[in-house]
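Following: one structure in structure tokens, then a few remarks.
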Ligand code: SIN
Ligand code: MN
């Protein structure tokens, strides 16, 4: 990354692997503002809900579809994010949703293998021209259940998703074989690092049985020209605003 813009090599990496990891996209000061907002802010407190995994452990998350006017909106409209998502998708984008994943120490539940587009297709999105930017707020390690991905699996296209345990997951009859066909990468991350990943990349994560929280903020975007069918609109199809680069720190 040079001047906060992904290099050609990094974009090629995304195209080939379905993801690219950018260390230190956000500074320690910016991460501190976000952590404070997780712990004391109203949006996360109001929007948090729990999804039990197969063992009953709760994967708690707060999700919203409007940008609003707070630190989360500042991060979601940060040029370091928005411009790079535009570069990866090679087209104008719309904000889709933001979510804070609260994978807390000793309790945070697992996520089954899935593609995000496995969920989003069912919301009516026509093309897989969508992606997520996963920002680590705490260090994400193997011990506290970091994200695992199958490198290159976005090339599979969208798989059928069914109920797996208590969650929606990628076809459990196919997954064991698919797991042998791709390299499984445990994406360990330092706080402030960001993983840009394709909506058809298969990913999973183990429960957090450690003494350390593994909280993250995920920003999801849709290509502006990617229509959503049906009458239940989950996102506004307007260009994502681009804010000031230092906007997060204004909420310090
Ligand atoms: C996780 O936080 O481990 C899962 C996130 C996701 O599925 O996007
Ligand atoms: Mn996901």
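The numbers here are math on the coordinates, done by the rules we state, and not lab data. Everything numeric in this text was worked out from a predicted model, so none of it was measured. Glycine also receives a Cβ, built like all others from the backbone with ideal geometry; neighbour counts cover every protein chain displayed.
Summary value for the chain: 33 percent relative contact order, contacts being C-alpha pairs under 8 angstrom separated by 6+ residues. Put a dot 7 Å past the Cα of residue 166, heading toward its Cβ, do the same for residue 186, and the two dots end up 2.6 nm apart. When the label point is put 7 Å from the Cα of residue 127 along its Cα-to-beta-carbon vector, which residues of the stretch 79-112 have a backbone N closer than 17 Å? Correct set: 85-96. Ordered by the number of other Cβ atoms lying within 10 Å of each residue's own Cβ, fewest first, 101, 47, 34 fall into the sequence 47, 101, 34. Over the chain, DSSP H runs of length four or greater, each weighted -39,500 (n - 2.57), average out per residue to a 222 nm ellipticity of -6500 deg cm²/dmol.
Share of pairwise Cα-Cα distances greater than 26 Å in the stretch 71-216 is 25 percent (whole percent). Per residue, the convex hull spanned by the Cα atoms of the stretch 120-180 amounts to 145 cubic angstrom. In terms of overall dimensions, the chain has a Cα radius of gyration and Dmax of 16.9, 49 angstrom.
As a proxy for reagent exposure, 219, 1 were ordered by neighbouring Cβ count within 10 angstrom, fewest first; the result is 1, 219.
Computed over the alpha-carbon pairs of the stretch 187-234, the distance histogram in 10 Å steps reads 15, 41, 27, 15, 2 percent, short to long. Highest GNM mean-square fluctuation among 144, 226, 173, for the chain modelled with Cα contacts below 10 Å: 173.
With a Förster radius of 30 Å applied to the beta-carbon distance between residue 155 and residue 39, the computed FRET efficiency rounds to 0.15.
Could you work out, for the stretch 25-132, what percent of all Cα-Cα pairs fall into each 5 Å distance bin, beginning at 0 Å and stopping at the bin that holds the largest distance? Here the calculated profile for the stretch 25-132 is 2, 10, 17, 20, 21, 18, 10, 2, 0. Applying 0.36 nm per residue to the separation of residue 66 and residue 225 and subtracting their alpha-carbon distance, the gain on full extension is 55.4 nm. The order of 9, 168, going from fewest to most other C-beta atoms within 10 Å of their C-beta, is 9, 168.
Distance between the 7 Å Cα→Cβ label points at residue 238 and residue 211: 4.8 nm.
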